[in-house]
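Report on the following structure.
None of the figures in this text is laboratory data; all of them are computed from the coordinates on show. Values in this document were obtained by computation on a predicted structure and should not be read as measured data. All Cβ positions, even for glycine, are placed from backbone atoms using ideal geometry, and neighbour counts span all protein chains on display.
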Amino acid sequence: MKQQCIKIPKKKGEPARRALLDFEILDNSLKISSDKTFLYLPLSREPLPHELEDLPLEAELAEFDFELQKKKATPADILAFNPAYELIGDIALLEDQDLDSQKASKIADILLLTQPNVKSVLKPLTPVIGEFRIREFEIIAGEPRTETVHREYGCRYKVDLSRAYFTPRLSTERSRILSRIKEGDTVIDMFAGVGPYSILLAKSKKPAKVVAIDKNPDAVRYLKENISLNSAENIEAIEGDAREEAKRFAGTADHVIMNLPHNAYEFLDSAVLLTKQGGIIHYYGITPEDDLFESSIELIRIAAEKAGRKVEVLEKRVVRSYAPHQYNICIEAKIL
């Protein structure tokens with residue numbers, strides 16, 4: 001089957017293959033192919049510009065007619081149902097915290113058997129709770145740890161899931177925000193966590209500066225480690241309350257990221273304060289299906305009016321389903 005790929009001289013093939021594995025964009029459902037001169041490495045998606053820069057200079061995008069790999073047994077093949085889990089680094093996180101111990105243990109054993117990249121299986125004991133947005137876990141099988149390194153779009157994020165919140169389910173959303181950033185912009189990430197938005201944006205080399213704020217000291221510790229791990233420049237990592245830090249950076253932001261979907265509305269006054277004339281707020285919320293956007297837009301308008309400013313809604317979209325009849329939404333609003 002025809003597929004986009006990296007075409008590279010054979011002598012440079014192994015460094016390129018390792019890099020694509022790190023970026024998690026090597027399509028393992030297809031066989032790597034070659035001719036007398038070149039290796040053809042199938043891609044699961046188009047690389048981002050900074051990912052292409054990290055490949056050997058001889059690498060180029062091409063198309064090739066690949067053969068399918070022989071299909072291996074999946075967890076669904078063995079269990080006769082698809083187990084619901086998130087893969088964060090080498091940790092599989094079961095999604096259903098109500099699973100009984102016997103069923104959770106069976107799923108965990110099958111994941112370890114069929115998924116060579118899974119080293120530990122966790123089950124959440126609580127939802128995301130508290131001002132630091134963390135959960136408690138039970139280690140069901142595998143290595144007894146909650147720390148891992150997650151790879152996404154050529155970036156690496158070290159995180160302890162019991163100490164800081166992280167989800168891979170926003171990876172596409174993070175890439176979409178990257179497409180909105182222009183050269184020389186200033187970005188303020190009000191609830192940065194371990195840095196999945198901030199580091200991706202900074203590593204793209206588009207923003208002049210990224211200010212990454214979080215109140216959770218453990219999250220900021222990992223954020224600083226991840227800045228170093230990714231050689232990401234132009235990031236200022238701050239442990240603090242976004243409301244207080246907004247006073248320091250008032251009127252400086254071309255983009256304000258508000259990825260705190262359950263409570264972002266409480267910080268809208270500060271977000272408006274941060275935003276320069278014509279700057280954009282990327283507001284995330286959890287909303288019911290019968291009122292996806294309008295109430296949230298009204299809250300943004302009220303916050304702007306309090307500051308004597310106006311709002312132009314640029315885009316409103318559903319990011320993902322969150323719970324029955326509940327959705328994670330994003331509203332992008334220009335503050336005038």
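Label point of Arg156 set 7 angstrom out along Cα-Cβ; within the stretch 184-202, amide nitrogens under 16 Å from it belong to 195-196, 199-200.
Projected label points at Glu225 and Leu57, each 7 Å from Cα along the beta carbon direction, are separated by 3.6 nanometres. Between Lys276, Lys71, Lys209, where does the largest GNM mean-square fluctuation fall for the chain, given springs only between Cα atoms within less than 10 Å? In this elastic network of the chain, the residue with the biggest mean-square fluctuation among Lys276, Lys71, Lys209 is Lys71. Of the residues Ile110, Phe293, Leu229, the one whose Cα sits farthest towards the positive end of the charge dipole of the chain is Leu229 (charges of +1 on Lys and Arg Cβ, -1 on Asp and Glu Cβ, taken about the Cα centre). Between Glu266 and Thr172, the modelled label-to-label distance comes to 3.1 nm, taking each label 7 Å out from Cα in the direction of the beta carbon.
Translational diffusion of the stretch 2-65, estimated by Stokes-Einstein from the Kirkwood radius over alpha carbon pairs at 37 °C in a medium of 0.692 mPa s, is 289 µm² per second. Cα centroid separation, the stretch 266-336 to the stretch 35-114: 34 Å.
Placing +1 on each Lys and Arg Cβ and -1 on each Asp and Glu Cβ, with no other charges, gives the stretch 237-336 a dipole about its Cα centre of roughly 340 debye. For the residue pairs Lys123/Lys209; Lys72/Lys316; Lys7/Lys71; Lys31/Lys119; Lys12/Lys206, alpha carbon separations beyond 31 Å are given by Lys123/Lys209; Lys72/Lys316.
Of all beta bridges that DSSP places with both ends in the stretch 119-274, some 50 percent have antiparallel geometry. Shape of the chain from its Cα gyration tensor (a ≥ b ≥ c, root eigenvalues): rounded if a/c is under 1.5, otherwise prolate when a/b > b/c, or oblate? In terms of gyration-tensor shape, oblate. For Glu86 and Asp291, a Förster radius of 22 Å and the Cβ-Cβ distance give a FRET efficiency of 0.20, rounded to the nearest 0.05. If you fit an axis through the alpha-carbon atoms of helix 294-306 and take the longest principal axis of the Cα set of the chain, what angle between them do you get, 0 to 90°, nearest 10? With both axes taken from Cα atoms, the answer is about 50 degrees. Using C-alpha pairs under 8 Å with a sequence gap of at least 6, the mean separation divided by the residue count of the stretch 94-224 gives a relative contact order of 18 percent. Taking the average, over residues, of other Cβ atoms within 10 Å as the packing measure, peptides 53-66, 125-138 rank 53-66, 125-138 from highest down. Exposure proxy shown here: for Asp98, Asp77, the number of other Cβ atoms within 10 Å sets the order, fewest to most, as Asp98, Asp77. In summary, the aspartates and glutamates within cross-link reach of Lys182, defined as a Cα separation below 12 angstrom excluding same-chain residues under 8 places away, comprise Asp254. Between Leu68 and Glu298, what FRET efficiency follows from the Cβ-Cβ distance if R0 is 45 Å, with the result rounded to 0.05? Step by step, r from the Cβ atoms, then E = 0.30. Given the options Ile199, Ile213, Ile188, identify the residue whose Cα lies farthest towards the positive end of the charge dipole of the stretch 156-238 (+1 on Cβ of Lys, Arg; -1 on Cβ of Asp, Glu). With unit charges placed on the Cβ atoms, the residue in question is Ile199.
Dipole of the chain (Lys/Arg Cβ +1, Asp/Glu Cβ -1, origin at the Cα centre): which of Gly240, Gln4, Ile91 lies farthest to the positive side? Value computed over the given set: Gln4.
Sorted ascending by nearby beta carbons within 10 Å, beginning with the fewest, Asp254, Asp100 become Asp100, Asp254. When only the Cβ of Lys, Arg, Asp and Glu is charged (+1, +1, -1, -1), the dipole of the stretch 169-335 relative to its Cα centre reaches about 520 debye. Based on C-alpha pairs under 8 angstrom that are at least 6 apart in sequence, the stretch 150-249 has a relative contact order of 28 percent. Using alpha carbons only, how many degrees (0 to 90, rounded to 10) separate the axis of helix 217-229 from the longest principal axis of the chain? Approximately 50 degrees, to the nearest 10.
Each residue of the stretch 258-271 is assigned a 3J(HN,Hα), and the resulting list reads 10, 8, 9, x, 7, 9, 4, 4, 6, 10, 5, 4, 5, 5 Hz, derived from the Karplus form 6.51 cos²θ - 1.76 cosθ + 1.60 (θ = phi - 60°), x at Gly and Pro.
About its Cα centre, the chain has a charge dipole of approximately 820 debye under the convention of +1 per Lys or Arg Cβ and -1 per Asp or Glu Cβ, with nothing else charged. Angle of helix 101-114 to the longest C-alpha principal axis of the chain, folded into 0 to 90 degrees and rounded to 10: 60°. Considering only alpha-carbon pairs that sit under 8 angstrom and 6 or more positions apart, the relative contact order computed for the stretch 275-336 is 50 percent.
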